Amino acid sequence: MARTIGSHGPKTMEAIRKAGLRLIFEHGYAAMSLRQLAAEVGIQSGSLYNHISTKQELLFDLIRDHINELLRQLDRALEGKQRPADKLRAFTAFHVTYHMTKKREVFIANSELRSLEQKNYEEIVALRGAYERRLADILSEGVAECEFDVVDIQVATFAILALLTGLTTWYRPGGRLTKEAIVAAHEKMVLSGVAPSAASERARTKRAPSRLAARGKPARR
């Protein structure tokens, strides 16, 4: 990381956040010291207190900002979607794509939740609950409109989130499948789990143009 000795304000704060994110991801919250963080950024240890009051504050801010960004981007991804099946596809595509690019943030938000002080923990859990409710509401709407067949909304919500978030343990850029293929595979798994007919309809729609085109081609002689 470039040294930022002598820098002030937002520039230094951003450097602290980036360094803190990397150090917590690589070493764990308990093992990272503020002296280590200051050295990484290129400032004196005492200068850290011009930007953060405690290590706990840094962890809390990193996790809170991550989940707030999740909520903001998800709401944008759902804009204009009317049918529950379309909303579920949009949720799935967004969640998978976001988690492909935010591995450190996701890991820290999950593994270091236990390191938060009680008040901070409760606020983060409430934010996580808001994100989970977005998915639960989509599933509930689909059941009410007879698009989805779900035995238990809460169980389905947790199961889908576990499936989608699980890719952070195995996804590597440049692998065998493209990002688009991975998103499509997850969409199919999720839709097939709660709405087999919707998944089949989607597959038929994608195949239809090629079939029509094939019918219009003259036979080879």
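The values are calculated or read from the model by the stated rules, or taken from the named source; none is laboratory data. Since the model is a prediction, treat every value here as computed from it, not as a measurement. Please note: Cβ atoms are built from the backbone with ideal geometry, for glycine as well, and neighbour counts cover all protein chains shown. All accessible areas refer to the heavy atoms of the entire protein, side chains included, with ligands and DNA or RNA removed. Shrake-Rupley method; radii C 1.70, N 1.55, O 1.52, S 1.80 Å.
Can you pull out the residues in the range 46-61 that are open to solvent by 50 Å² or more (accessible area, probe 1.4 Å) and of a type in the set (Ser, Thr, Tyr)? Of everything in the range 46-61, those that are open to solvent by 50 Å² or more (accessible area, probe 1.4 Å) and of a type in the set (Ser, Thr, Tyr) turn out to be Tyr49, Ser53, Thr54. Evaluating Ala136 against the criteria (1) within 26 Å of Ile108 (Cβ to Cβ); (2) touching a residue at least 40 places away in the same chain (Cβ under 8 Å) leaves one unmet condition, (2). Does Arg133 count as basic (Lys, Arg), open to solvent by 20 Å² or more (accessible area, probe 1.4 Å) and modelled with pLDDT under 90? So Arg133 fails the test. The listed residues are Met1, Met32, and the only one of them that is farther than 18 Å from Lys103 by Cα, modelled with pLDDT of 90 or more and out of contact with any Pro (no Cβ under 8 Å at 6 or more places or on another chain) turns out to be Met32. Might you check whether a residue that is touching a helix residue (DSSP H, G or I) at 6+ places or on another chain (Cβ under 7 Å) and over 23 Å from Ala136 (Cβ atoms) occurs anywhere in the range 61-82? Scanning the range 61-82, I find at least one residue that is touching a helix residue (DSSP H, G or I) at 6+ places or on another chain (Cβ under 7 Å) and over 23 Å from Ala136 (Cβ atoms), so the answer is yes. Evaluating Val150 against the criteria (1) touching a Leu at 6+ places or on another chain (Cβ under 6 Å); (2) not in a loop (DSSP other than H, G, I, E, B) leaves one unmet condition, (2).
When each of Ala109, Ala90 is tested for being under 19 Å from Ala30 (Cα atoms), open to solvent by less than 60 Å² (accessible area, probe 1.4 Å) and either without any contact (Cβ under 8 Å) to a residue 60 or more places away in the chain or in contact with a strand residue (DSSP E or B) (Cβ under 8 Å, 6 or more places away or on another chain) (or both), the lone residue that passes is Ala109.
The set of residues in the range 35-45 being among the small types (Gly, Ala, Ser), at pLDDT 85 or above and open to solvent by 30 Å² or more (accessible area, probe 1.4 Å) consists of Ala39 alone.
Looking at Ala195, Ala126, Ala144, Ala208, which one is open to solvent by less than 50 Å² (accessible area, probe 1.4 Å) and at pLDDT 80 or above? Give the steps one after another, and end with the answer.
Details: Ala126 fails: open to solvent by less than 50 Å² (accessible area, probe 1.4 Å); Ala144 fails: open to solvent by less than 50 Å² (accessible area, probe 1.4 Å); Ala208 fails: at pLDDT 80 or above.
One residue alone meets the criteria, Ala195.
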